[in-house]
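Down below is the structure, laid out as structure tokens.
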């Protein structure tokens, strides 16, 4: 196969930042072969009101008129059930992102993952309105509380909270974002063990491109590959890959592409967490599926399953173009620079070659 039609591809976890960085990276969503982008709300300040979300979407749409942007709120004490209901009724948001406080970029205004009860009235509204709860599934590091939590077990420690949320809100759509561990994959399988054929799952997981490639050895000492949650052990990577190519509707693509200026990655103090994959997003995933001999499963992973879960169809798109995967070699640059800007971004897998590219029809 030298050409594979992938339909209306979707990336259900995208960081496009704000200001100059937003202006530079928003157009790269389509360059990477993605039609639908689900936008994260961890701006400064975080997105917690309707007017700012509406304006942010307008800004993005102006920069990338052929990309469909789906918007989110940032779960915090600033939100109320009334605001959430109004945003849902006006189709302003498709979901709400939950960040445990302090676990990743711009998460300081996040929540305490040990107790979600204060947000149960909001979850009730979300369940009623069909909104999606997107969970950054980690507990913050803790070394002095009697429970040692660190970057390698932070996701594992979060999984009981996921199970409890599903138990308390069985009809609420929940995404465990950017899974990195075998334990997380097993938890998603367990929560869906009674799923009947053609029944839509309520609890799903998004998987990134970079976590399908990386293990702990690839980011230890390499700031380009450092992200949160961190890549883990070889058995974890194998579990992620098996999940991605499984054909199960509760695993689909969310890149967590997170651009940082090169200066914030090439520093000895405070290296920023985030891997930038957007410009070659579908190509990265195709590479890993091809090596696994599972290109026939790629369309479901990057189009069908996510779009079904988020209730997206062609009628809701700003552009009806379809993505085609093309057998065409692409060399990833060492650094991505932009005309008339001092900003530079280190891409994932710099100076390596991908066997696949994308076109639009």
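Just so you know, all these numbers are worked out from the coordinates, no wet-lab data involved. Every value quoted in this text rests on a predicted model; they were computed, and no experiment measured them. Neighbour counts are summed over all protein chains in view; Cβ atoms, including those assigned to glycine, are modelled from backbone coordinates with ideal geometry.
Listing for the model above:
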{"item": "FRET efficiency, 1/(1 + (r/R0)^6) with R0 56 Å, evaluated for residue 86 and residue 220 via beta carbons", "result": "0.75"}
{"item": "Antiparallel bridges, percent of DSSP beta bridges restricted to the range 84-189 (to nearest 5)", "result": "10"}
{"item": "Burial ordering of 78, 47, 16, 63, fewest other beta-carbon atoms within 10 Å first", "result": "78, 63, 47, 16"}
{"item": "For peptides 336-346, 20-30, sequence by mean Cβ density within 10 Å, most packed first", "result": "20-30, 336-346"}
{"item": "R0 of 56 Å, Cβ-Cβ distance residue 1-residue 115: FRET efficiency to nearest 0.05", "result": "0.65"}
{"item": "Residue exposure sequence - 356, 219 - by fewest surrounding Cβ within 10 Å", "result": "219, 356"}
{"item": "Range of Cα positions in the chain per principal axis (Å), largest first", "result": "50, 48, 45"}
{"item": "Share antiparallel - DSSP beta bridges, the chain, percent rounded to 5", "result": "35"}
{"item": "Computed lengthening from residue 308 to residue 361, 0.36 nm per intervening residue step minus Cα-Cα distance", "result": "16.9 nm"}
{"item": "Calculated diffusion of the range 174-237, Stokes-Einstein form, Kirkwood radius summed over Cα pairs, 20 °C and 1.002 mPa s, µm²/s", "result": "167"}
{"item": "Isotropic mean projected area of the C-alpha convex hull, the range 98-215 (nm²)", "result": "8.4"}
{"item": "Spherically averaged projected area of the range 1-147 from its Cα convex hull (nm²)", "result": "11.4"}
{"item": "Rough spin-label spacing in nm, given labels placed 7 Å along Cα→Cβ, for residue 352 and residue 194", "result": "4.2"}
{"item": "Length-normalised contact order for the range 8-321 - Cα pairs under 8 Å, 6+ apart - percent", "result": "20"}
{"item": "Residues 310, 99 arranged by fewest to most Cβ contacts within 10 Å", "result": "310, 99"}
{"item": "Theoretical FRET efficiency, 1/(1+(r/R0)^6), r = Cβ-Cβ of residue 297 and residue 144, R0 51 Å, to 0.05", "result": "0.70"}
